[in-house]
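Heads up: the structure comes next, in structure tokens.
The values are calculated or read from the model by the stated rules, or taken from the named source; none is laboratory data. No experiment lies behind these values; they were computed from the predicted model shown. Note: ideal-geometry Cβ built from the backbone for every residue, glycine included; neighbour counts use all protein chains shown.
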Amino acid sequence: MFEPTEDMKKLAIEELRRTYDKLDTAYDTARVKSLTFLGGGLAVMSFLYAGGDLFIPHENYGKIFYFTGIALVVTSLGTLFHALGSVVWKLPGEFRRLDRLDFRSETDFINYVKEEYIDCNTKNLDKYQRKQSYLNTASLQLVIGAIILLVLKNFGG
């Protein structure tokens, strides 16, 4: 069986560190997008209801579209608020262990760091995917709901 050299393990750690940094940046980007969509949703709601008119259509099919649009927008805003919640982001390296450096050899230390990055990336990727899923769902709901409400306000009567 092939045993990787120390240089190969160090290279693997550098790649894992780059992956960790990319994941960290992607997570921050998802939070910013969530905040942006949330602000946009609140702006749309302010625009629609600034005059105090609820513009509920008189026809039954119009009411169905109206309440569907409201439900989509409100649900998306709730989902975006939920997506903005903080999570426990795992950091590589146990600081107490790195402070003492009580490893038997350089190989043990390199293996420890590599395993820490793998564990962090695995756990943080799950958190990022969950936040991105919320963002995708909420943004689609917000856009569809806002379009329905804008059409009803401008053309529904």
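Here is a yes/no grid of residues against (1) over 23 Å from SER139 (Cβ atoms); (2) outside any helix (DSSP H, G or I):
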{"residue": "GLU15", "(1), (2)": "yes, no"}
{"residue": "ARG31", "(1), (2)": "no, no"}
{"residue": "PHE37", "(1), (2)": "no, no"}
{"residue": "SER46", "(1), (2)": "no, no"}
{"residue": "ARG104", "(1), (2)": "yes, yes"}
Problem set entry | Scope region 56-68; condition exposed (fewer than 10 other Cβ atoms within 10 Å of the Cβ) and either modelled with pLDDT of 95 or more or part of a helix (DSSP H, G or I) (or both); matching residues | ASN60, TYR61
Exercise. Could you list, in sequence order, the residues of region 42-59 that are among the small types (Gly, Ala, Ser) and under 23 Å from THR79 (Cα atoms)?
Worked result: ALA43, SER46
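Take the residues in region 113-155 that are of a type outside the set (A, V, I, L, M, F, W, C) and touching a Gly at 6+ places or on another chain (Cβ under 6 Å); name whichever of them is surrounded by the most Cβ atoms within 10 Å (Cβ to Cβ). Full working, then the answer.
Step one: list which residues in region 113-155 are of a type outside the set (A, V, I, L, M, F, W, C), which gives 114-117, 119, 121-124, 126-134, 136-137, 139, 141, 145, 153-154.
Pick out the ones that are also touching a Gly at 6+ places or on another chain (Cβ under 6 Å) and you get 116, 145.
Working: GLU116: 20, GLY145: 23.
Among residues in region 113-155 that are of a type outside the set (A, V, I, L, M, F, W, C) and touching a Gly at 6+ places or on another chain (Cβ under 6 Å), the one surrounded by the most Cβ atoms within 10 Å (Cβ to Cβ) is GLY145.
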Problem set entry | Verdict on ASP7 being farther than 17 Å from LEU150 by Cα, surrounded by 11 or more Cβ atoms within 10 Å (Cβ to Cβ) and not polar (S, T, N, Q) | no
Exercise. If only one of LEU91, LEU16 is farther than 30 Å from LYS153 by Cβ, surrounded by fewer than 15 Cβ atoms within 10 Å (Cβ to Cβ) and touching a residue at least 12 places away in the same chain (Cβ under 8 Å), which one is it?
Worked result: LEU91
Exercise. Just for region 107-149: of the residues that are at pLDDT 95 or above and over 24 Å from the mean Cα position of the chain (by Cα), which one is nearest to VAL44 (Cα to Cα)?
Worked result: LEU149
Problem set entry | Long-range neighbours under 8 Å by Cβ, at least six apart or interchain, first residue loosely packed, with under 15 Cβ neighbours inside 10 Å within region 40-55, second outside any loop (DSSP other than H, G, I, E, B) | LEU42/LEU77
